[in-house]
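Below: one structure, written as structure tokens.
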Amino acid sequence: MLVLGIESSCDETAAALVEDGRAVHSNVVASQIETHRRFGGVVPELASREHLRNIGYVVWRAFREAGKQYSEIDGIAVTQGPGLIGSLLVGLNFAKAMAYSLKKPLVPVNHIEGHICSAFIEHPAVEYPLLALVVSGGHTSLIFSPEPEVYQSIGRARDDAAGEALDKLSKFLGLGYPGGPIIDRLAQRGDPRAFSFSIPKISDGSLDFSFSGFKTAALRHIEKSAIKPRRRPGAKIPQKVVDLVASYQQAIVDTLVRQTARAAESVRPRSILLVGGVACNSLLRRTFTEAFEVSQTGAGAGSSARKISVYFPKPSLTTDNAAMIAAAGTPKLRRGLPVRLDLNAYSDLRLC
């Protein structure tokens, strides 16, 4: 089954052709980083305009790179939410128009489910039950999946998402946009113990996350250490700034790993997935592998050691892309789920 995936939930316009949810024939992404860089973050109105400008070309390019004709696809999968409503509507309406004109079935896909399914493209051996940490600029969630397409939310960010917290420190320090990759690179030459950040503990004992306290602590460190934000690109970055970045990143990674470990103790998965844009972070990937890809011994007499396998997609499938949407939509299209062409987009669409 050849599926066209379309993704436009935030600031990437993406289209991909994926066969049987695994074979990626093309995966085209038009980035808007330069459009939003001078604002230090995504401007929703500008994002919508850029999607309108790019969507036709991106879809055409996906077919060209795959060497396929429009008539060869078996269906279309498109992101329905969550995301920026204006951005979502561009991709959704384009997909509806294509489905109508080509007389092809259309299925809506939750963006979070797309991220989870991105791991299956390269790793078909992922076993259930699985635990997924979905971590990006807009989302930080722990999702338990006992079987395919069945999801339970067991932890979420109560304030800022992890990626948003990283971006904001970069903005405080004048390091540039997008902040996540910049902080990842800088932190590799910093001392993660130079500045103290207390890892928050949720009072009700839940598996939720909280990152707003890290921002407050970072601002205190900036003031106490008399750190001035960088005013021009290319200016030398002082070592104390590099150390602050490393300490801040370490605290966020430690929080993500700690809560995921607590969740794993509770639901006892066979696989753990690390997905979403922040899953590109080198420290997070390394720490996850070290923390979880070991033999876990169950409690009680007679229990046996079990292996938890950790999976994360390659970077091109980790950040927002349409291949993951096509992969998530493939089983829905196979089941022949009836979808009306008057379906709408939802900025706050829940997976579970």
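Going through 266, 309 one at a time, which residue ends up being among the small types (Gly, Ala, Ser), modelled with pLDDT of 90 or more, under 22 Å from residue 116 (Cβ atoms) and more than 22 Å from the chain's Cα centre (by Cα)?
On the way: 309 fails: more than 22 Å from the chain's Cα centre (by Cα).
Being among the small types (Gly, Ala, Ser), modelled with pLDDT of 90 or more, under 22 Å from residue 116 (Cβ atoms) and more than 22 Å from the chain's Cα centre (by Cα) holds for just one of 266, 309, which is 266.
If I ask for residues that are assigned to a helix (DSSP H, G or I), crowded, with 16+ Cβ neighbours inside 10 Å and among the charged types (D, E, K, R), which ones from the range 218-253 would you list?
Once the filter is applied, which keeps residues that are assigned to a helix (DSSP H, G or I), crowded, with 16+ Cβ neighbours inside 10 Å and among the charged types (D, E, K, R), the range 218-253 yields 240, 243.
Just give me the residues in the range 314-352 being assigned to a loop (DSSP other than H, G, I, E, B) and free of Cβ contacts under 8 Å to residues at least 60 places away in the same chain, in sequence order.
335, 338, 340, 342
So which residues in the range 33-83 are assigned to a helix (DSSP H, G or I) and polar (S, T, N, Q), if there are any at all?
Passing the criteria: 35, 48, 54, 71.
For the range 97-120, enumerate the residues that are assigned to a helix (DSSP H, G or I) and closer than 14 Å to residue 145 by Cβ.
Those that are assigned to a helix (DSSP H, G or I) and closer than 14 Å to residue 145 by Cβ: 112, 113, 114, 115, 116, 117, 118, 119, 120.
If you check every pair at least six apart or on different chains, which have Cβ atoms under 8 Å apart with a residue in the range 258-272 that is over 26 Å from residue 124 (Cβ atoms) first and a residue that is loosely packed, with under 15 Cβ neighbours inside 10 Å and at pLDDT below 95 second?
Partner pairs satisfying both residue conditions: 258/199.
Report the residue count in the range 171-197 for those that are surrounded by fewer than 23 Cβ atoms within 10 Å (Cβ to Cβ), free of Cβ contacts under 8 Å to residues at least 40 places away in the same chain and touching a Gly at 6+ places or on another chain (Cβ under 9 Å).
The total comes to 1.
Name the one entry in 165, 99 that is in contact (Cβ under 8 Å) with a residue 24 or more places away in the chain and either within 30 Å of residue 232 (Cα to Cα) or touching a His at 6+ places or on another chain (Cβ under 9 Å) (or both).
Going through 165, 99 in turn, the sole match is 165.
Scan the range 13-38 residue by residue and report those that are out of contact with any Ser or Thr (no Cβ under 6 Å at 6 or more places or on another chain), surrounded by fewer than 24 Cβ atoms within 10 Å (Cβ to Cβ), in contact (Cβ under 8 Å) with a residue 24 or more places away in the chain and not β-branched (Val, Ile, Thr).
Across the range 13-38, the qualifying residues are 20, 22, 25, 26, 27, 36, 37.
The values are calculated or read from the model by the stated rules, or taken from the named source; none is laboratory data. None of the values given here were measured: they were computed from a predicted structure. Neighbour counts run over all protein chains shown; Cβ positions are idealised from the backbone, glycine included.
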